[in-house]
Amino acid sequence: MRDPREASAIAVANRRARAAVKASIADGSVEPLSVARTAWDDETSVEATLRMNEFLESIRGIGPTKVERILDELKIHPRKRLGFLGVRQIETLGEWLRQRPNSNGSTEATGKLIVVAGPTAVGKGTVVARIRELHPEVRFSVSATTRQPRPGEIDGVHYFFVSNEEFDNLVETNQMLEWAVVHGQNRYGTPRKPIQEALDAGESIILEIDIQGARQVKAAMPEAVLVFLLPPTWDELVRRLTTRGTESAEEQARRLETAKVEFEAQYEFDETIVNDDVDTAAEAVVSLMSIA
Ligand code: 5GP
């Protein structure tokens, strides 16, 4: 059994450590969002042991009445510890913290999550490659996939190439913001952590994923901007699909059917950009981030 004097010394040290964190939030030397992130990343940290009411009350301008209202809105119990919230609670609290003005008086939520999707053969890959060339400062999400690397593709740059077991594990441990089986074959998914880190740092990030994935991102993060790339005309899409010469007539017909269904999804998106000219389409995507 632990010596009672030792136990009480530990308790005092913990209380002091918590008080120090609260003091740094109160004097503005550390942002509440970064305290929360430490708590969520490491449940053995001091930050993780802060109760929700004491965490929020240490933010300047927030008193007990406000705390009660905020926690009620966020559906979090005041005595709950910051490091032990549910997934949904982390999402809502994270969003709330990002939306509030930081110690400099500006909103932390300057970064945007841009999701680029579109029907087969619309030229998504080309537009995204052009953005990389024109704007090397733009951040891109690197997806995980179970498909084999193609020649020239680098692990960690183009994709994280993982086994089926590794993919299962990423999904089970809730590390994926979204994932889907694409073209009925391989699984593809967006790792959650880099997205969260970019947004917390106030930076925008682009995801180039399929339509099913785009829907999932919107459901999890309604503030995401969904961009649908369109071909100049429907006939042009048919032409692009049928003149590649790489697919059999049967495969072409199947892809056209898929494209028709995918085409309809444009009405669920926030923005549509016509891929008439690659440079113009690339700049149109970048302008949504207001960084050009
Ligand atoms: P490819 O195998 O040609 O690199 O990509 C095939 C498809 O997978 C593309 O339509 C691409 O948009 C989609 N994709 C790539 N990464 C992701 C992802 O993380 N999530 C989802 N849902 N789709 C993805």
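The values are calculated or read from the model by the stated rules, or taken from the named source; none is laboratory data. Predicted model, so just to flag it, every value in this text is computed and none were measured. Backbone-built Cβ (ideal geometry, glycine too); neighbour counts: all protein chains shown. Accessible surface is based on the protein model in full, side chains and every heavy atom, while ligands, DNA and RNA are left aside. Shrake-Rupley method; radii C 1.70, N 1.55, O 1.52, S 1.80 Å.
Report the charge-dipole magnitude of the chain in Debye, nearest 20, computed about the Cα centre from +1 at each Lys and Arg Cβ and -1 at each Asp and Glu Cβ. Let's see the in-between values first.
Numbers: 36 positive and 46 negative charges, 236 e Å.
Here the size comes out at about 1140 debye.
If we count every other residue with Cβ under 15 angstrom of Val171's Cβ, Lys/Arg +1 and Asp/Glu -1, where does the sum land? List each step's numbers first, then the result.
Working: positive: Arg187, Arg192, Lys193; negative: Glu165, Glu166, Asp168, Glu172, Glu178.
Net charge in that neighbourhood comes out at -2.
In nm, to one decimal, how far is the Arg100 label point from the Ala219 one, both placed 7 Å along Cα→Cβ?
According to this spin-label approximation, the distance is 3.0 nm.
Under a 10 Å cutoff between Cα atoms, tell me which one of Ile70, Ile154, Ile206 has the largest fluctuation in the Gaussian network model of the chain.
Maximum fluctuation in the GNM of the chain, among the listed residues, is at Ile154.
For segment 78-206, just the Cα set please: Rg and Dmax, both in angstrom.
Final numbers for Rg and Dmax: 17.1, 54 Å.
How long is the chain along each principal axis, judged by its Cα atoms, biggest number first, in Å?
80, 44, 33
Sorted by accessible area (1.4 Å probe), largest first, how do Phe160, Phe167, Phe263 line up? Please report the intermediate quantities before stating the final value.
On the way: Phe160 85, Phe167 0, Phe263 40 Å².
Of Phe160, Phe167, Phe263, the descending order of accessible area is Phe160, Phe263, Phe167.
Counting only C-alpha contacts under 8 Å and six or more residues apart, can you give the relative contact order of the chain as a whole percent?
Working: 392 pairs, mean separation 53.8, N = 292.
18 percent.
What are the semi-axes of the equivalent ellipsoid for segment 180-248, taken as the square roots of 5 times the Cα gyration tensor eigenvalues, largest first, in whole Å?
Details: eigenvalues 179, 48, 23 Å².
Values for segment 180-248, descending: 30, 16, 11 Å.
Rank Ser143, Thr49, Gly86 by how far each Cα sits towards the positive end of the charge dipole of the chain (+1 on Lys, Arg Cβ; -1 on Asp, Glu Cβ) and give me just the farthest.
Most positive-ward Cα: Thr49.
Springs between alpha-carbon atoms under 10 Å, Gaussian network over the chain: tell me which of Gln196, Gln266, Gln148 tops the mean-square fluctuations.
Gln148
Could you tally the net charge around Val12, taking each other residue with its Cβ under 12 Å from the Cβ of Val12, Lys/Arg +1 and Asp/Glu -1? Spell out each step's value before the answer.
Working: positive: Arg5, Arg15, Arg16, Arg18; negative: Glu6.
Here the charged neighbours net out to +3.
Over 23 Å between Cα atoms, which of Lys66/Lys112; Lys22/Lys66; Lys124/Lys218; Lys75/Lys218 qualify? Let's see the in-between values first.
Details: Lys66/Lys112 28 Å; Lys22/Lys66 17 Å; Lys124/Lys218 19 Å; Lys75/Lys218 21 Å.
Pairs exceeding the cut-off: Lys66/Lys112.
Are there any trypsin sites (Lys or Arg not before Pro) in segment 1-35 that are in a DSSP loop and have at most 13 other Cβ atoms within 10 Å? List them by number.
On the way: sites: Arg2, Arg5, Arg15, Arg16, Arg18, Lys22; in loops: Arg2.
The qualifying sites are Arg2.
Let me have the 222 nm mean residue ellipticity of the chain computed from DSSP H runs of 4+ only, each contributing -39500 (n - 2.57), with the sum over all residues rounded to the nearest 500. It would help to have the intermediate numbers written out before the result.
Numbers: 12 runs with 137 residues, N = 292.
Using -39500 (n - 2.57) per qualifying helix, the result is -14500 deg cm²/dmol.
Defining a contact as two alpha carbons under 8 Å apart and six or more residues distant in sequence, what relative contact order in percent does segment 53-161 show? The partial results should precede the final answer.
On the way: 57 pairs, mean separation 12.1, N = 109.
Worked out over segment 53-161, it gives 11 percent.
Quick one: what Rg and Dmax do you get for segment 12-93 from the alpha carbons, in Å?
11.7, 33
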